Amino acid sequence: MYCRDNKKYPVGALLGRTRYEIVDESGFTVSSHTTDFLIEATVLPFELQTGDRIIVQESIYEVIDLGTGCWTWCDPHQIRRRIHTQFLRRTAAKHSIAER
């Protein structure tokens, strides 16, 4: 379920991961990864924003910007978006990412 404000959009998604490195304020390189949701572009025909949320079963993920935006195309035909997220918290409500 893709969520923005009080609106919910049922989506089907594939899971992915993006590894990235950042340099912290001390100059150290820190490696991490995002949980990515690969969603067909036609399902969400609006501009995705940092802070939007994706609910999967009992987990809430928040859309984040990796410095190059919060999503990239998955394929050369621009069919699916790779949406970068981070785990936010658990929720008691159960929703399925496969709802359509």
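Read-outs: derived from the displayed coordinates by stated rules, not from any lab. It should be emphasised that the depicted structure is a prediction, and the values quoted were computed from it without experimental measurement. Positions of Cβ are generated from backbone atoms using ideal geometry, with glycine treated the same way; all protein chains shown enter the neighbour counts.
Miscellaneous remarks
- For the chain, Kirkwood radius (reciprocal of mean inverse C-alpha pair distance, Å): 14.1 Å
- The chain: most fluctuating residue of Val30, Val63, Val11 per GNM, C-alpha cutoff 10 Å: Val30
- Taking a Cβ cut-off of under 13 Å around Gln86, the surrounding Lys, Arg, Asp and Glu residues balance to a net charge of -1, with basic ones at +1 and acidic ones at -1.
- Loop-located chymotrypsin sites (Phe, Trp or Tyr not before Pro) in the range 15-100, at most 15 other Cβ atoms within 10 Å (DSSP): Phe28, Phe46
- Taking 0.36 nm per residue of separation and subtracting the Cα-Cα distance, full extension of the segment from Glu25 to Ala41 would add 2.2 nm.
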